[in-house]
Amino acid sequence: MAGGGLVTGPGKNYPGNLTCRVFITCIVAATGGLIFGYDLGISGGVTSMDSFLKEFFPSVYQKESSVKPSDDQYCKFNSQILTLFTSSVGAS
């Protein structure tokens, strides 16, 4: 397990400061990550809803509804079209 701490002895002093440019860059990066995570969670939740699959991807719904609990759950949404849809929603 990695450990860390504060070094109170002599060390190298770096001249970097927290400037306005650095602060704005951090805020933009954090906001982008937040939006990406939210988008991924929403699109993943919608594409796994039965009502959505029945309406737009009936073949995937048929395959998903025939999966038994003992079957492998890893690739139950094995559809190129559904993957393309999810990717296009995340890219917009």
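The values are calculated or read from the model by the stated rules, or taken from the named source; none is laboratory data. Since this is a predicted model, take the numbers as computed values, not measurements. To get the accessible areas, we keep the full protein, side chains included, count just its heavy atoms, and leave off ligands, DNA and RNA. Shrake-Rupley method; radii C 1.70, N 1.55, O 1.52, S 1.80 Å.
Considering only residues of the range 70-92 that are at pLDDT 75 or above and not polar (S, T, N, Q), which is farthest from the chain's Cα centre (by Cα)?
Among those that are at pLDDT 75 or above and not polar (S, T, N, Q), it is 81.
Taking the range 60-81 only, how many residues are among the hydroxyl-bearing types (Ser, Thr, Tyr) and open to solvent by less than 90 Å² (accessible area, probe 1.4 Å)?
Residues meeting the conditions: 4.
Can you find a residue in the range 41-48 that is more than 14 Å from residue 87 (Cα to Cα), modelled with pLDDT of 80 or more and open to solvent by 70 Å² or more (accessible area, probe 1.4 Å)?
There is no residue in the range 41-48 that is more than 14 Å from residue 87 (Cα to Cα), modelled with pLDDT of 80 or more and open to solvent by 70 Å² or more (accessible area, probe 1.4 Å).
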